[in-house]
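I have a structure I would like to understand better, so I am pasting it below and will then ask my questions one at a time.
Read the figures in this text as sums done on the coordinates, not as results from a lab. The model shown is predicted, which means the values in this text are computed figures rather than measured ones. Using ideal geometry, Cβ is built from the backbone for each residue, glycine included, and neighbour counts are taken over all protein chains shown.
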4 protein chains.
Amino acid sequence: MIIVLKPDATEAEVAQIIRKIESFGLTAHVSKGTERTIIGAIGDERVLQERPLEAFPFVEKVLPVLKPYKLASREFKPEGSVVKVNGVLVGGRRVVVMAGPCAVEGREVLLETARSVRAAGGHILRGGAYKPRTSPYTFQGLGEEGLKFLAEARRETGLPIVTELMDTREASVVYEYADLIQIGARNMQNFKLLKEVGACRKPILLKRGMSSTVKELLLAAEYIMSEGNYDVILCERGIRTFEDATRNTLDLSVVPLIKRLSHLPVIVDPSHGTGKWDLVPPMALAAVAAGADGLMVEVHPRPEEALSDGPQALLPMTFAKLMGDLGKVAAAVGRTL
Amino acid sequence: MIIVLKPDATEAEVAQIIRKIESFGLTAHVSKGTERTIIGAIGDERVLQERPLEAFPFVEKVLPVLKPYKLASREFKPEGSVVKVNGVLVGGRRVVVMAGPCAVEGREVLLETARSVRAAGGHILRGGAYKPRTSPYTFQGLGEEGLKFLAEARRETGLPIVTELMDTREASVVYEYADLIQIGARNMQNFKLLKEVGACRKPILLKRGMSSTVKELLLAAEYIMSEGNYDVILCERGIRTFEDATRNTLDLSVVPLIKRLSHLPVIVDPSHGTGKWDLVPPMALAAVAAGADGLMVEVHPRPEEALSDGPQALLPMTFAKLMGDLGKVAAAVGRTL
Amino acid sequence: MIIVLKPDATEAEVAQIIRKIESFGLTAHVSKGTERTIIGAIGDERVLQERPLEAFPFVEKVLPVLKPYKLASREFKPEGSVVKVNGVLVGGRRVVVMAGPCAVEGREVLLETARSVRAAGGHILRGGAYKPRTSPYTFQGLGEEGLKFLAEARRETGLPIVTELMDTREASVVYEYADLIQIGARNMQNFKLLKEVGACRKPILLKRGMSSTVKELLLAAEYIMSEGNYDVILCERGIRTFEDATRNTLDLSVVPLIKRLSHLPVIVDPSHGTGKWDLVPPMALAAVAAGADGLMVEVHPRPEEALSDGPQALLPMTFAKLMGDLGKVAAAVGRTL
Amino acid sequence: MIIVLKPDATEAEVAQIIRKIESFGLTAHVSKGTERTIIGAIGDERVLQERPLEAFPFVEKVLPVLKPYKLASREFKPEGSVVKVNGVLVGGRRVVVMAGPCAVEGREVLLETARSVRAAGGHILRGGAYKPRTSPYTFQGLGEEGLKFLAEARRETGLPIVTELMDTREASVVYEYADLIQIGARNMQNFKLLKEVGACRKPILLKRGMSSTVKELLLAAEYIMSEGNYDVILCERGIRTFEDATRNTLDLSVVPLIKRLSHLPVIVDPSHGTGKWDLVPPMALAAVAAGADGLMVEVHPRPEEALSDGPQALLPMTFAKLMGDLGKVAAAVGRTL
């Protein structure tokens, strides 16, 4: 950690900051420049992470040197992690496609969708039983009944299921049914929920918050991992920007960036990322070309009747066409589908 | 709701969309323009809020006309709401100042801070017992012990207390101690938590999410109100933008905007809004000039030792000076302190 | 255009707005809803584009229906445009790669770079002679001398050249040398410059401003086209967001979006888009997978000595490797390189 | 400047970076930490501003210590600057109000507006003769004729005039009429234009670009000052964010922030900042409470007929009311109007 002092900092103030650094068990390294004195804190700066040093009026700024996350970092595990979801490997050579409706709306429509996902070659079935909705007046999900429909679809198709957990009180019921527990974008910094799933023995799909930096995403993963659960898959799903022609701005550059910073697998959700079904196929191809380990795509047999996010759902036939195209791009970048 | 069709939409497609609108109990109003046909859906468009209409391939866009929130809207209650917090009125002529440490760190330091808040004329004591922290390796709050210290500070100073609730499982313990329940920015769209506090009989302080629009903030308030709890105070605390010279970008224009859109009281947190203690006083004055009903300000007797957010905490003497200045600006805009 | 009136608008006010609409030669279409009256303005709403209607105190909001650009729209020219740059076609089946140094720094280093671009199969040579730099104390470009070096490199390698024009006063000298005139991101809304290049007979490369919406980008293209120059190529180069781990956020979803909205070719600049050389290859592949008509990539033989943007420049050998990979992805999406 | 090396950097690489630093005339200061080696470059780091050091593959990141601007910095001139605009002082105790129409639309309407600005106590008349407009099909300003009308209004009312310069080719004609030359937000990084006005002898009003950081704003001021013109007034006018309920997000916290970083006066434009006339008065009051040296406010006698930005213009009587309220807030913060 580097502490930059203001130009008029006195000797006594320099001494004060040195004592402070040493009180945390670190070594202070003073460097007097032509305009300012800067002090390096040598050692594990994570003990200084609270950074109250900036509260000293004679400190101009504090520059961290080390990354604040450890278990999630590439340095902790130089080879990439592979997470197993009920037999499906995420993070290996195969690009994994998770597809299905935004919300589980009923038994028949879910089974119909699951069959089409299966037929097209999808690997994991997605579907929300508990739905975070912006308005209290819209469909909030079927709850446990939805989980049961998902389990039935799994029995019939053999596809593992991924579904969202929104509330610590519902953790045990979701654990009972899901193969992969999704933490949604709005809950990426719901730290109690992160700790809760950190203590379970199921793999976690952690979606990036809509205004979260990559550093914060990795710290959220660190919350889960620090409780003992290392099976975390990250998911880019678009961030909030000024551009309103798309629902979010899909930030694909985080795919190679996360690969550099972390060993965790990373997938992309182009459905929420764009909010428009006709932008989903090209962005799905782009995600794979950028190095994503998988995709999460919304599919619905009748999008205009969907109770949630219809405008971004693919028809089964569009999804099937996409799967074909994905195979070609995956092969072009040395992967399989 | 206005549905704009693509230029090449056919008569059959127009008929299809009309049937759809009528199936929701609304009336369709067709208007053929020179380039496009547009269709108005007359009636309570909230039933169409899911907007699956955009999923029709011949629909170009859907424009909502009505606001999606109702109970939180100014139209629902043209006069402003006043929320009572253990005897302190928020939303009236008096500007209410909530102050105290970011986190409750210990009994002595809390009491010391509470006394200085009281002495300077603050109205409500703030302090976090459960702390949402970006990193799992930093101080996470004292939990119920912190709540007990807050209750003791209330007994001694007579100041009501506001503190954050992070997890539905901790609701009952927080209800037991707090006078005003804070929902933090990261939980503004934790819908299960919103419903939980909507069912309690305590006033709620709802902070704007760091990437939430005003519409989403009012919909979050609507979640609480739709469960029966109308005592909601809104709080602007800065949004995420590209500017990195401040911790967040304090969006004061939402103060008069919310006053126009909603009847709920609105306060401002310039401590999180700026992240720098020396920007807090001018922004606190600006908030009152813009029409805020109150402020939430962090105060700490030794910011450089704070376990959380020290760089943005005011010293008690700076806070006391600010209170004097606030009184003058409040008077200039026809209010009291 | 749809005009939504406030709930308490009077009959006289409705009549006033109708007269206003008719005064512009449009037809007013009144629709009384259950809560609000809305009025449609039928005809070419572009005459109402200034939207002073929102200034009426009884108007709640104004919703445009038509796109504000015409010449740049896909409807104006349903088949895609192909722009010819001194023999190289942009917008056809072939993906066009523009590569070279950020700035022309000297004769030798430019020729060396141009040869490596040529050898790797690049199609157009890029290089800035006039450089927009954030600080006045950094290298500002070689000016006309730089243009002469570019011309020499063109003679030797046969590659057409693209270079930036920053000032209307320098238009004639840049026209003399360049094959493709670049308007940089910071000048996307330098309207005088847009009109100037709209009047020239050279193709234009228009980069998206760092906080410009797609609509504004297309309106900037419209400025150029409305002066008679239809040879416009659009370029996504990253937008400004809160994420600071990359220089900008490369918004690849605008590639398929622009393809839907406009007939103009669109290319992607992953060098400025990410600011980090190791993110450039994956994002270049992603851009092609998303449907980009070309790329603009920075190449420098010794990035650590570059006078501008070294951290985002590829070494010639990395660029050559990328060209090979691009060929595979281009083929996977039905294109050539 | 601090250079953080990657964990696996070799001794030879450390030596290479030291040689590089010394080749710029700086001293290298090596500090081996427990995980990484960091190197400080002691001396005027501005010579390293191009930062090609990040292009070395063994460098993890480069952290600048000093501010990149000098003439604009508070350290360069600890007391605040006062800029004289044809007799009106900006930056002193008096809060200066610049008001008038967005665009000069005609002689009569301008004179009418100027008289009302004068009568209400405004200090400087604003009005655009050259207008940057998003669409080429909207009113582009009256050009020199508009400047003549402004000069006539100045003769009649005695108010100095501020107007925008958009193109280096029009500099001499604008210099002939204007008392204060405005550089608009879209041209904040039109560096040729900045250099042009840096060479003139008139004061400059520099508006913050809509996605510019404060650092970039101060560097744009530095461009002007480095050419010899020190009479620069900065203006906050709102930035681009995800919030679409206001035209821009007015970032008032930059007012006290700029006061800390720079000696230049800073004013606020709440008209463009909010885009809605009813939000202008509260935000104007807030700006003065935050410490702004002045305001720029749009006034139009008939906003619904304005050719540009009518929805954000105040009626003369609303403006007059605002001036009264501003006087009270100014007094409350120790200033006059």
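With a cap of 16 neighbouring Cβ atoms within 10 Å, and only residues DSSP puts in a loop, list the GluC sites (Glu not before Pro) found in the stretch A:46-113.
A:GLU79
Can you give me the C-alpha center-to-center distance between the stretch D:233-299 and the stretch B:115-156, rounded to a whole angstrom?
Between the Cα centres of the stretch D:233-299 and the stretch B:115-156 lies a distance of 34 Å.
For chain D, modelled as a GNM with alpha-carbon contacts under 10 angstrom, which of D:PRO281, D:PRO52, D:PRO68 fluctuates the most?
D:PRO52
Continuing with this model, one more query. Give me B:ILE38, C:ILE224 ranked fewest to most by other Cβ atoms within 10 Å of their Cβ, as a rough exposure proxy.
Ascending Cβ contact count within 10 Å gives the list B:ILE38, C:ILE224.
So what's the angle, to the nearest 10 degrees on a 0 to 90 scale, between helix D:316-332 and the longest Cα principal axis of chain D?
50 degrees
Then there's this: Calculate how steeply helix D:107-120 sits against the longest principal axis of the alpha-carbon atoms of chain D, using the helix alpha-carbon long axis, and give the answer as 0 to 90 degrees to the nearest 10.
Taking Cα atoms only, the helix is inclined about 80 degrees.
Pick from A:TYR137, A:TYR69, A:TYR175 the residue whose mean-square fluctuation is largest in a GNM of chain A, springs joining Cα atoms under 10 Å.
Between A:TYR137, A:TYR69, A:TYR175, it is A:TYR137 that shows the largest mean-square fluctuation.
If you don't mind, there's one more thing I want to ask. Using Cα atoms only, what is the angle between the long axis of helix A:280-290 and the major principal axis of chain A, expressed in degrees (0 to 90) to the nearest 10?
50 degrees
Beyond a 25 Å Cα-Cα separation, which of these cross-linked pairs lie in this structure: A:LYS6/D:LYS328; A:LYS6/D:LYS61; D:LYS131/D:LYS195; A:LYS195/D:LYS32? Don't jump to the answer; show the numbers that get you there.
Values: A:LYS6/D:LYS328 36 Å; A:LYS6/D:LYS61 23 Å; D:LYS131/D:LYS195 21 Å; A:LYS195/D:LYS32 35 Å.
Correct reply: A:LYS6/D:LYS328; A:LYS195/D:LYS32.
If you filter the stretch C:184-235 for trypsin sites (Lys or Arg not before Pro), then keep DSSP loop positions with at most 13 other Cβ within 10 Å, what is left? Show your work: numbers first, answer last.
On the way: sites: C:ARG186, C:LYS192, C:LYS195, C:ARG201, C:LYS207, C:ARG208, C:LYS215; in loops: C:ARG201, C:ARG208.
Sparse-neighbourhood loop trypsin sites (Lys or Arg not before Pro): C:ARG201.
Calculate the FRET efficiency for A:MET317 and A:ARG260 from the Cβ-Cβ distance with a Förster distance of 51 Å, rounded to the nearest 0.05.
That pair, A:MET317 with A:ARG260, gives E of 0.85.
A further question on this structure: Tell me which GluC sites (Glu not before Pro) from the stretch D:209-247 have a DSSP coil assignment and no more than 16 other beta carbons within 10 Å of their own.
Working: sites: D:GLU216, D:GLU222, D:GLU227, D:GLU236, D:GLU243; in loops: D:GLU227, D:GLU243.
Answer in residue order: D:GLU227.
Under 8 Å for C-alpha pairs, at least 6 residues apart: give me the relative contact order for chain B, rounded to a whole percent.
Over chain B, the number comes to 16 percent.
Also: Other chains' Cβ within 10 Å of D:62-68 residues: what's the mean?
5
Just to confirm the numbers: D:MET317, label point 7 angstrom along the Cα-Cβ line, distances to the other copies in nm, shortest first?
Those separations, rounded to one decimal, come out as 5.1, 6.4, 7.8 nm.
Can you pull the mean other chain C-beta count within 10 Å for peptide B:195-201?
Working: counts 3, 2, 0, 1, 0, 0, 0.
Whole-number average of other-chain Cβ neighbours for B:195-201 is 1.
Starting from the exponent 0.38 and prefactor 2.2 Å, build the expected Rg for the stretch C:2-63 from its residue count and divide its actual Cα Rg by it.
Compared with the compact-globule rule of thumb, the stretch C:2-63 sits at 1.00.
Residues of C:271-280, mean number of Cβ from any other protein chain within 10 Å of their own Cβ, rounded to a whole number?
The shielding value for this peptide is 3.
In whole Å, what is the distance between the alpha-carbon centres of the stretch B:6-69 and the stretch C:1-61?
20 Å
Can you sort C:VAL197, B:VAL47 from fewest to most other Cβ atoms within 10 Å of each residue's own Cβ?
Placing the least packed residue first, the sequence is B:VAL47, C:VAL197.
OK, next. For the pair D:GLU22 and B:THR138, what calculated FRET efficiency results from E = 1/(1 + (r/R0)^6), where r is the Cβ-Cβ distance and R0 = 41 Å, to the nearest 0.05?
That pair, B:THR138 with D:GLU22, gives E of 0.55.
Does the stretch B:201-337 come out rounded, prolate or oblate, given a ≥ b ≥ c as the square roots of the eigenvalues of its C-alpha gyration tensor, rounded meaning a/c under 1.5 and, failing that, prolate meaning a/b above b/c?
Taking the square roots of the gyration eigenvalues as a ≥ b ≥ c, the stretch B:201-337 is prolate.
Moving on. Which one, A:VAL104, A:VAL299, A:VAL62, has the greatest fluctuation when you compute a Gaussian network model over chain A with C-alpha springs under 10 angstrom?
A:VAL62
Moving on to the next point. What ranking do D:TYR223, A:TYR230, B:TYR130 get, fewest neighbouring Cβ atoms within 10 angstrom at the top?
A:TYR230, B:TYR130, D:TYR223
Run through the other copies and list how far each one's label point is from that of A:GLU22, in nm with one decimal, shortest first; the point sits 7 Å from Cα along Cα-Cβ.
3.2, 8.7, 8.8
For the stretch C:150-266, just say rounded, prolate or oblate: build the C-alpha gyration tensor, square-root its eigenvalues into a ≥ b ≥ c, call rounded for a/c under 1.5, and beyond that prolate if a/b exceeds b/c, oblate if not.
Numbers: a/c = 1.72, a/b = 1.40, b/c = 1.23.
Prolate, since a/c reaches 1.5 and a/b exceeds b/c.
Before rounding to the nearest 500, sum -39500 (n - 2.57) across all DSSP H runs of length at least 4 in chain C and divide by the residue total; then give [θ] at 222 nm in deg cm²/dmol. The partial results should precede the final answer.
Details: 10 runs with 108 residues, N = 337.
Computed ellipticity for chain C at 222 nm equals -9500 deg cm²/dmol.
Using a basic spin-label model with each label point 7 Å from the Cα along Cα→Cβ, how many nm lie between C:LYS148 and B:LYS61?
Label at C:LYS148, label at B:LYS61, 5.1 nm between them.
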